[in-house]
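To keep things clear, I will list the structure first and then write my remarks on it.
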Amino acid sequence: MDSINFIKGYGKVQDLELQHQSPNPNTNTQKKPLVTAVSILAILFLSLTLGAMFGVLVHMAASDPPDLPSSSSSNSAEHDTDSVIKAVCNVTRYPDSCFSSITSFSLCSSSRKLTDPEAIFKLSLRVSIAELSNFKNTMISNSNQGVAFSDCRSQIEDAVSRLNDSLVAMEVCSGGEKALTETKISDLRTWISAAMTDQETCLDGLEETGSTALDEVKTKMKKSQEYTSNCLAILANIHTLLRNFNMPLH
């Protein structure tokens, strides 16, 4: 009986040894999905990391473009200035002469960038004064044209004076003073209108007396009349222009 039990016990020991020595198929089956899941997670993490790095690089490249040559920056600034001048000149009867005269004058006078309608209006005054002054000088050299011509010259001198008064009125002496106020706008409108009337009166006088200088004077005065008209049109629309550029009177 003991022998039988011994044999049975020995069989159990063998079974236990075999179980210990032989790998459990269920354990291997459980390990394989675990390894696969870890691998997939690692690949996903790596992909997300690389994608994030690529996105950061793209954003940096878009937000920090390489420095452009100074000439390109200058061209961009000039384009912005030209756009503002065109927008201001579009309110006038002579937008082409307005734009060409102001841009040419700004280059010759080394003016700062013109992105302010008030500054452009002020420069249009300078353009008109310069043109009328040149015309006045040509009239002085032809002073033997009779009384009507002499009266015409006086009218042009008065027109130059009125435009100079307008320019002086815009000069700012203190930090709190404005170049343009409602009162100044009213005064400037009166003076510039008077300067236009002076030029028209000059031509009317020459025409009434049948002066031989009429055609020559009319031709030479064409630009100055256009420039003075441009000044008045810009001033008449200054509130709208400033509002379009989100600027107050200043």
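The values are calculated or read from the model by the stated rules, or taken from the named source; none is laboratory data. Computed from a prediction, not measured in an experiment: that's the story for all the values here. Quick reminder, even Gly has a Cβ in these numbers, built from the backbone with ideal geometry, and neighbours come from all protein chains shown. For the accessible areas, the whole protein counts, side chains as well, though only heavy atoms, and no ligand, DNA or RNA atoms are used. Shrake-Rupley method; radii C 1.70, N 1.55, O 1.52, S 1.80 Å.
Compared with the rule-of-thumb size 2.2 N^0.38 Å for a compact globular protein, the range 110-206 has a Cα radius of gyration ratio of 1.24.
The residue list MET221, VAL147, VAL172 was ranked by how far each Cα lies along the charge dipole of the range 99-235 toward its positive end, using unit charges on Cβ atoms, and VAL172 comes out on top.
For the listed residue pairs LYS136/LYS222; LYS184/LYS222; LYS136/LYS220, the alpha carbons are over 19 angstrom apart in LYS184/LYS222. Between GLU208 and ASP80, the FRET efficiency estimated from the beta carbon spacing at R0 = 41 angstrom works out to 0.25. Ordered from largest to smallest accessible area (heavy atoms of protein chains, 1.4 Å probe), the residues ASP116, ASP151 come out as ASP151, ASP116. For the range 141-250, a Kirkwood hydrodynamic radius built from all Cα pairs, placed in the Stokes-Einstein relation at 20 °C and 1.002 mPa s, yields a translational diffusion coefficient of 138 µm²/s.
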